[in-house]
Each structure stands twice: as structure tokens, then as C-alpha cells.
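Trainee: Attaching a single structure in C-alpha cells format; questions to follow.
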Amino acid sequence: MSGERGGGRGRGKKDDKDKAKGERPRGGFFRRRRVCKFCADKIDYINYKDVRLLSPFIPERGKIQPRRISGTCAKHQRALQTAISRARQLALIPYVTD
Amino acid sequence: MSQHRQYELVYIVSPDASEQAVADLHTQVEQIVQRFNGTLDKTENWGRRKLAYEIGHAREGTYVIETITGSGEMVKEIDRRLRVTDTIIRHLTVRVDDDLRVAERLRTERKETQARRRTARGLPPEPLPSERRGDRDDNDSDDMGLEGAEGVR
């Protein structure tokens, strides 16, 4: 299955979407296909000074949103991590909020 | 032998400091940069901004961002000086040249691939503005369809 997913990457987006629509688990849980925001928007450099770029990945508590929820790819999640920690040091983003 | 690299220096000046003090700090940094034969490429002043959390007792601060090209020794010296300056409540130096180079490479690669694919399909290498917009809209409507499906469930 993982091989299939890897193959689909280079191909058209439409195929993937149709597939996602087709496989609806019996549990009644429909999960929308997640796309890495940085890949989709073609953002090459995740700037730590751009709070508006980072804020969607920081939920209320101030923690970094995990990949399984945001759908960010591994490469960009890593870059996001460094960007967020830099922004935190500069008090652009809180470490914790309660 | 020290190599010259590009750095980004961000420092937050205490809200008690005057405009003049901020300008003085900037000239101080500039002097250090010159002493180490570096160049100050760009300065950005964000002005007063609210901090996400309290630093010391400060709730806001003046953000200044400087893009500098110079050696590691220069950065060391700037770091030391900023650390002992009381009016600076926080500073951070980040080396940016590598990241920017990677970003630049990705951008050109993407452009090239796009151009190659488009010429292979007998289209002009650059997408027309009208074309691009149509593409976007199509994608959006697709998303909407998916959301609708979600609702039906």
C-alpha cells in the first residue's frame, strides 16, 4: 500500500483525490486527504519571522501541531519545527498558553 | 581563514529605550561589522511589537532585523556585545545563506521542470496568467466537492 502511495506522488492530483473519495471506511469516518501546505503552496523557505505562515500550525495550547493532523510532509515538518522554535525565542509565538 | 557568510540578526530592544537609543545600537552593530570587514546588507525595523510572553518585565519591544555578511568571528563579537547591552532584551543570529541557496535551487528546478513539461506538451514554457487562474479555480471547486461529500455523510 505504501508503494502505491509513493507511486501516486508524481502523478496527477485528481487520481489521488478520487481514490480518497472512493475508499470510505465502514466506521463512518471520512477523512479528507491531507496535503502538505508547504508543498502545495510551493513555499521553499519557511521563514521564522512570518508569524502568519506559522500560526496555523500552532493550536491554542501553543504546541506544534503533529504531522498526522496537519498533513505536513516530513521534510517540511522538520523545517517548521526549527522555524517555530526560532520564533519562540524571539517572542513572536508563545512557548505555552494557558 | 574565515569565510564570509550571510547571517540574519534579530534583536529586541527594551520598550524603555528611546528612538535614539535604537539608532545608536544600530550604529554600534554597523561599526562592529565594519571592523570585521563585513557588510550590512539590509536593515529592517519592525517598530514596537507586543511580545508573545514577558521577557524580564517587558511586555513589548522594538524589533530590529539586520542582514549581515561577514565572518564567524564577527558574529561572535556581535553576540558578546549584545549580550552585555542592558537595553537589548533578546537577540538571535541565524545563518541564512545555505537555506536561501537551497530555496533558490528548488525554485529554479521547479521552473525548469515546468518549462520542460510544458514544451513537451507543445505549450509555451511560461503559463499565461489566465491559465493559472483557471487551474486554481478548478482545484478549489474540487475541494468544495469533497467538503460537500463530507457533509452528506
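Trainee: Could you pull out every residue, at least 5 positions away or on a different chain, whose amide H is within less than 5 Å of the one on residue B:60? Hs are placed 1.01 Å off N in the peptide plane, and Pro or chain starts have none.
Mentor: Distant-sequence amide H within range of residue B:60: B:51.
Trainee: Which FRET efficiency, nearest 0.05, do residue B:81 and residue A:47 yield, Cβ-Cβ r, R0 30 Å?
Mentor: Once the sixth-power term is evaluated, E becomes 0.70.
Trainee: Could you tell me the relative contact order of region B:5-95? Use alpha-carbon pairs under 8 Å, at least six residues apart, and round to a whole percent.
Mentor: Once normalised by length, the contact order is 48 percent.
Trainee: Using a simple spin-label model with points 7 Å from Cα along the Cα→Cβ vector, what separation in nm is obtained for residue B:28 and residue B:102?
Mentor: It is 3.4 nm.
Trainee: Multiply the residue separation of residue B:126 and residue B:50 by 0.36 nm, subtract the distance between their alpha-carbon atoms, and state the gained length in nm to one decimal.
Mentor: Residue separation times 0.36 nm, minus the Cα-Cα distance, leaves 23.1 nm.
Trainee: Under 5 Å between amide hydrogens, which residues at least 5 positions from residue A:92 or on another chain qualify, with H placed 1.01 Å from N in the peptide plane?
Mentor: B:52
Trainee: Moving on. Within 10 Å of each Cβ of B:44-51, how many other protein chain Cβ atoms are there on average?
Mentor: 2
Trainee: For region B:1-114, what does the alpha-carbon gyration tensor say about shape, rounded, prolate or oblate, given a ≥ b ≥ c as the root eigenvalues, a/c under 1.5 as rounded, and a/b over b/c as prolate?
Mentor: oblate
Trainee: Please give the residues of region A:43-85, grouped as numeric ranges, whose backbone N is less than 14 Å from a label point set 7 Å along the Cα-to-Cβ vector of residue B:114.
Mentor: A:43-44
Trainee: If a paramagnetic tag sat 7 Å from the Cα of residue B:19 along the Cα-Cβ line, which residues of region B:40-72 would have the backbone N under 17 Å from that point?
Mentor: Answer for region B:40-72: B:44-49, B:62-64.
Coordinate-derived values only; no laboratory data. What you see is a predicted model; the values in this text were computed from it and never measured. Please note: Cβ atoms are built from the backbone with ideal geometry, for glycine as well, and neighbour counts cover all protein chains shown.
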